Amino acid sequence: MKTTTRLRQLLNAPDMLVAPGAYDGITARLTEQAGFDAVYMTGAGTAASFGLPDFGLLTMTEMVANAARMTAATSLPLISDADTGYGTELNVVRTVQEHERAGTAGIHIEDQVSPKRCGHLDGKELVSIEEYVAKIRAAVATRKDPDFVIIARSDARSVAGFDEAVKRVNAALEAGADLGFVESPQSLEEVKLVPQRVKGPCLLNVVWRGKTPQVDMRDAQKMGYRLAILPGMLTKTIYDAALASLKETHRHPTPLFDATVHDAFRRFGADEWDRLRTQFRDAAEAAE
């Protein structure tokens with residue numbers, strides 16, 4: 001089954017879909033091994049993997065290349081941050097084309113000016129609603145796979161207010177987007193209102209210590225959300241653990257590891273690759 005079709009099925013299932021934010025092949029594969037049904041390619045995490053902040057500094061080519069590495073590492077449907085679409089409607093067309101070639105199952109496109117900023121930072125600027133809706137129309141018209149999911153994200157809450165964000169998402173849904181994504185609602189009441197005011201299925205962005213209050217996934221499902229993404233969970237966990245390990249090794253330069261080298265490689269398919277090592281040799285050669 002295509003990952004796009006699988007993503008559609010998961011979004012239509014009774015339970016809300018939860019997609020942890022990964023940023024490379026390691027974190028994508030670990031997400032699958034942990035038992036999740038989908039993975040989200042976080043733009044902030046991808047930028048961090050380049051040693052950069054989430055200020056719209058990566059190009060479409062760099063983002064899509066990362067998505068391709070992640071889809072190669074996991075069988076899970078991958079939902080990717082596609083920022084602003086990287087320019088005008090022309091750039092959105094190419095963004096959709098390249099993500100489909102990379103095997104991405106869905107993307108979200110936002111209404112910030114380019115370069116964008118993380119949705120939970122101040123200082124954002126918006127394009128007009130007309131320009132934004134034109135980008136969504138371009139994305140919808142471009143996809144070759146009708147199951148490829150297009151998510152309409154508005155950052156208007158932090159700039160022009162909650163009502164404007166809902167208005168923009170609803171306009172994008174009317175233009176053919178599949179899910180609505182009101183970024184950074186700033187109170188629990190606003191979080192509850194999003195699925196009530198948005199005229200279509202909704203995404204909740206769960207950002208650690210961001211503008212949106214923390215919401216239990218079970219409560220989010222009861223509110224009516226169909227998809228929740230957790231973009232910063234792995235980035236924060238790995239950052240804290242890696243920094244602690246490095247500091248400890250710097251103090252005591254005799255690192256200790258629980259797993260053997262082979263055990264570590266087995267997480268990334270070493271057993272399958274070992275079988276391939278001799279699978280295509282004839283019996284005599286393999287026995288040598």
query: Using the Cα gyration tensor of segment 142-279, with a ≥ b ≥ c the square roots of its eigenvalues, what is the shape: rounded (a/c below 1.5), prolate (a/b larger than b/c) or oblate (neither)?
result: oblate
- prompt: Volume per residue, Å³, of the convex hull around the alpha-carbon atoms of the chain?
  reply: 158 Å³
- line: For segment 29-87, the percent of accessible surface on carbon and sulfur atoms (probe 1.4 angstrom, ligands and nucleic acids excluded) is 59 percent
message: Among 12-18, 206-212, 172-178, how do they line up by average Cβ neighbours within 10 Å per residue, starting with the highest?
response: 172-178, 206-212, 12-18
message: Please report the antiparallel percentage of DSSP beta bridges with both residues in the chain, rounded to the nearest 5.
response: 5 percent
query: Using a 1.4 Å probe, how large is the accessible area of K236, given in Å² and rounded to the nearest 10?
result: 70 Å²
- prompt: Tell me, in nm to one decimal, what length is gained between R101 and Q214 on full extension, where the rule is 0.36 nm per residue of separation less the Cα-Cα distance?
  reply: 37.2 nm
message: Using a 1.4 Å probe on the protein heavy atoms only, what accessible surface does R281 show? Give it in Å² to the nearest 10.
response: 110 Å²
- line: When every protein chain stays in place and a 1.4 Å probe is rolled, T31, T88 sorted by accessible area with the largest first are T88, T31
statement: Sorted by accessible surface (1.4 Å probe, heavy atoms of the protein chains only), largest first, F55, F265 come out as F265, F55
- prompt: Ranked by accessible surface with a 1.4 Å probe, highest first, in what order do H250, H108 come?
  reply: H250, H108
task: On the protein heavy atoms, probe 1.4 angstrom, tell me the percent of accessible surface of segment 130-248 carried by carbon and sulfur.
output: 53 percent
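How many percent of DSSP beta bridges within segment 70-221 run antiparallel, rounded to 5?
Among the beta bridges of segment 70-221, antiparallel pairing accounts for roughly 5 percent.
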field: T88-I238 pseudo-label distance in nm [points 7 Å out on the Cα-to-Cβ vector]
entry: 3.7 nm
query: How many nm is it between the label spots at R275 and R251, if each spot is 7 Å from the Cα in line with the beta carbon?
result: 4.5 nm
message: Given the -39500 (n - 2.57) contribution per DSSP H run of 4+ residues, what per-residue ellipticity at 222 nm results for the chain, rounded to the nearest 500 deg cm²/dmol?
response: -14500 deg cm²/dmol
- prompt: Kirkwood Rh over Cα pairs of segment 60-208 into Stokes-Einstein at 4 °C, 1.567 mPa s: D in µm²/s?
  reply: 85 µm²/s
task: Keeping all protein chains in place, calculate the accessible area per residue for the chain (probe 1.4 angstrom), answer in Å².
output: 51 Å²
- request: For K116, go through the lysines and keep the ones whose alpha-carbon is under 21 Å away, minus same-chain ones fewer than eight residues off.
  value: K124, K135, K167, K211
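The values are calculated or read from the model by the stated rules, or taken from the named source; none is laboratory data. As the structure is a computational prediction, the values presented were derived from the model and not from experiment. Because the Cβ atoms are built from the backbone with ideal geometry, glycine has one as well, and the counts that use them run over all protein chains shown. Surface accessibility is based on the protein's heavy atoms, side chains included, excluding ligands, DNA and RNA. Shrake-Rupley method; radii C 1.70, N 1.55, O 1.52, S 1.80 Å.
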